[in-house]
1. With (1) open to solvent by 50 Å² or more (accessible area, probe 1.4 Å); (2) within 16 Å of Thr62 (Cβ to Cβ) as the list, and Lys75 as the residue in question, which single condition is left unmet?
2. In the list Gln37, Gln115, Gln54, which residue meets the criterion of being at pLDDT 95 or above and in a helix (DSSP H, G or I)?
3. Which one is least open to solvent (accessible area, probe 1.4 Å), of the residues in the range 37-56 that are over 10 Å from Met106 (Cα atoms) and among the acidic types (Asp, Glu)?
4. Just for the range 14-34: of the residues that are hydrophobic (A, V, I, L, M, F, W, C) and under 19 Å from Gln121 (Cα atoms), which one is modelled with the lowest pLDDT?
5. Go through the residues of the range 96-118 one by one and say whether even a single one is farther than 24 Å from Ala39 by Cα, of a type in the set (Gly, Ala, Ser), exposed (fewer than 13 other Cβ atoms within 10 Å of the Cβ) and under 17 Å from the mean Cα position of the chain (by Cα).
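The values are calculated or read from the model by the stated rules, or taken from the named source; none is laboratory data. Here the structure is a predicted model, which means the values were calculated and not measured. Note that we place each Cβ from the backbone using ideal geometry, even for glycine, and neighbour counts take in every protein chain shown. With ligands, DNA and RNA removed, areas are computed over all heavy atoms of the protein, side chains included. Shrake-Rupley method; radii C 1.70, N 1.55, O 1.52, S 1.80 Å.
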Amino acid sequence: MGLFDDFSRFLETRLEEFLRNHPHLELQALDEQLREQEAETLRLITEFRAREKQLQQEILSTAQEVQRWHARVEKAKAAGRTDLATAAEAREASLLRQGNQLWGQMKGIQARIEQSKDLAQRTQKRRQELQEKLKQAAAARTTAAQTAAQTAGWSEPASYSFGNTASSQFDPLEQSFQDWETEEDLERLKRNMNR
């Protein structure tokens, strides 16, 4: 088992390192966990509500049994059958204890439903906050990518130069324009001299 534990720790360390280097993926993983927690909480609420309904039915049924045995106690007492009255009172008391237990279970389930609803609301709120962070992270990544694309041309060295500096390289286009402009100036001088 030691090798497996070492390998498991290694993988966990690498995963944590990867998520630190890619925070948007960590946010997505957290969003998935919250989504699963929210779904699990809603499933539990559904189960608790079904159990609450079941307990309500059992309580109602027990209450009806208590009423039935209470009537039997009264009937046996009225008839002077103390043996039956005593046994019926014991049954009624047992049903009352059972009803109290069911009532306590129902109250416990109702408390769990409220706790689960609160947890679902908190989880939903956290997911909304996380969704906002994911949007901000996506916008930041998009902005960074656009900035990198826009500045890529500025960071590349120029393969040509402008001007007549001594350090400038030979530019054939610049030379052509200079020759043409020199010819124009000569033509203008000739015309001005012929006047």
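1. (2)
2. Every option except Gln54 fails the conditions.
3. Only one residue tops the list, namely Glu38.
4. This residue is Leu30.
5. no
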